[in-house]
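Please read the structure below before turning to the comments.
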Amino acid sequence: MIGAHMDSPTLRVKPISKKQGEGFIQVGVETYGGGLWHTWFDRDLSMAGRAMVKDRNGRFVQKLVRIERPILRIPTLAVHLDRQETFTFNKETQLFPIAGLVAAELNRQGKSDGTAKAGITNEDCSSTHFSPLKAPGERHHPHVVEIIASEVEVAPSEIVDFEMVLYDTQKSCVGGLNEELLFSPRLDNLEMSFCSIVGLINSVNSSSSLDEEESIRLVSLFDHEEIGSNTAQGADSNFLPTVIRRLSVLPGFGGKAEPDPDAYEQTLSKSFLISADMAHSVNPNYGAKYETDHKPEMNKGTVIKINANARYATNSPGIVLVEKTARRAKVPLQLFVVRNDSSCGSTIGPMLSASLGMRTLDLGNPQLSMHSIRETGGIYDVDYAIKLFESFFVHYTELGGSVIVD
Ligand SMILES: [Zn+2]
């Protein structure tokens, strides 16, 4: 199986976000994860997330929302007004998006300054009805609620609540003189999520038949890695163990009509988990930050991540298995450790290997600017990782049993 995460550092709209200052409409946001927040300034931002909508039958349903046009921006201060050497700012008061001008909004509503008030009130929230919370149209700028409502094609009064995060509207693109680079937001960790899913699909297409396959091929994509994974949909939950337990007692498991009572434990001991999360390519401007002999290069293959203090779950039997897998796929691999005088990130690998007691290895493609709003990766590494994962799924049943640790 392959595990990866899909969340990235971002700014999330606060539960009461309606603010204004100096004639600007502003939207209150909360930081999520450890972003390189200075990169969020002067970008063309918008919102995406989910809205809870009241449907015709009185039920509350989730609708996914993406507002495509740029509606938000976090403005830097002109250099003329502050000649600070290093760029520092307050995350509460200065990492604070503007969403337009109060005057323009009043114009749109056909109101003058004196008569302005929240445009939308929830039907349940009029003065004649008791409501424990103010309606979304009162907690947030009504225009924001209107745009969300129009995206999901409901009336603003049908939006009961929402969770929206900010994103950069600039699309991903291919870059570099020879189109060898990938400029994109959220490569950590959508690149590994993408490669693992495509690898799984390709593995099913490339093998002539799954009838002979003894293993179950599984990809698990988690939320909340950037904030510690200790949530219901994070890797530190019982989600994956529960799914594996249910799969392991499927009829026919191990060629038997009735599953063994310890089928789950057998499954764990026979399985292997690749924890796929992006790695750091060497940055040419900061070469000294990397361990001399472990400087992963862009487009030179997926990086196996190793750490003596188990920040990564990789060990030698795992390296042997993945090396054999890569050999079958004819794709290169690289090795990474951090310097002893440097801090080290971690992944879902160590926590999953601990909770499942399963053999695990950490790897990921090299990238620059991890946790920036706009990251950089290598085009060929995407192809290498897809081929590596396809090979892993196709050959695991054969290769997994050939690495013996007693
Ligand atoms: Zn990550």
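The values are calculated or read from the model by the stated rules, or taken from the named source; none is laboratory data. Keep in mind it's a predicted model, so treat the numbers as computed, not measured. Neighbour counts run over all protein chains shown; Cβ positions are idealised from the backbone, glycine included. All accessible areas refer to the heavy atoms of the entire protein, side chains included, with ligands and DNA or RNA removed. Shrake-Rupley method; radii C 1.70, N 1.55, O 1.52, S 1.80 Å.
Quick notes
- Among 164-176, 372-384, the peptide with the highest mean count of other Cβ atoms within 10 Å heads the list, and the full ranking is 372-384, 164-176.
- The relative contact order of the chain comes to 21 percent, based on Cα pairs under 8 Å that sit 6 or more residues apart.
- In a fully extended conformation the segment linking Val79 and Ser343 would gain 91.8 nm over its present Cα-Cα distance, using 0.36 nm per residue.
- When the Cα gyration tensor is reduced to axis lengths a ≥ b ≥ c, the ratio a/c is 1.5 or higher for the chain, and with a/b not above b/c it is classed as oblate.
- Most positive-pole-ward Cα, Phe87, Gly400, Ser271, against dipole of the chain from beta carbon charges: Phe87
- Expressed as a whole percent, the accessible area of the chain that falls on carbon and sulfur atoms is 52 (1.4 Å probe).
- Taking region 211-327 as the region of interest, the number of lysine pairs whose Cα atoms are within less than 23 Å, with members eight or more places apart or on different chains, is 9.
- Backbone N within region 55-94 under 20 Å of label point (7 Å from Glu153 Cα along the Cβ vector): 55-69
- Per-residue extension of 0.36 nm, minus the Cα-Cα distance of Thr397 and Ser206, leaves a gain of 67.2 nm for this segment.
- Of Lys18/Lys91; Lys18/Lys134; Lys14/Lys111, pairs whose Cα-Cα distance is over 23 Å: Lys14/Lys111
- Whether region 353-406 is rounded, prolate or oblate, judged on the alpha carbon gyration tensor where a/c under 1.5 counts as rounded: oblate
- The GluC sites (Glu not before Pro) of region 236-303 meeting both criteria, a DSSP state outside H, G, I, E and B (loop) and at most 16 other C-beta atoms within 10 angstrom of the site's C-beta, are Glu291, Glu297.
- Region 195-206 - phi-based ³J(HN,Hα) in whole Hz, Karplus 6.51/-1.76/1.60, Gly and Pro as x: 4, 5, 5, 5, x, 5, 4, 4, 5, 6, 5, 7
- Summing Cβ point charges (Lys, Arg +1; Asp, Glu -1) relative to the Cα centre of region 10-168 gives a dipole of roughly 200 debye.
- The length gained by stretching the chain between Leu133 and Gln233 to full extension, at 0.36 nm per residue less their Cα-Cα distance, is 33.3 nm.
- The chain: most fluctuating residue of Asp211, Asp42, Asp362 per GNM, C-alpha cutoff 10 Å: Asp211
- Between region 358-386 and region 288-326, the Cα center-to-center distance that results, in Å: 12 Å
- Model label zone, Asn107; criterion: amide N under 16 Å from point 7 Å along Cα-to-beta-carbon; scope region 7-32: 23-25
- Charges were assigned to the Cβ only: +1 to each Lys and Arg, -1 to each Asp and Glu. The resulting dipole of the chain about its Cα centre is roughly 580 debye.
- Cα gyration tensor shape for region 10-168, rounded if a/c is under 1.5, else prolate or oblate: prolate
- The residues of the chain expose on average 53 square angstrom of accessible surface per residue, using a 1.4 Å probe on protein heavy atoms.
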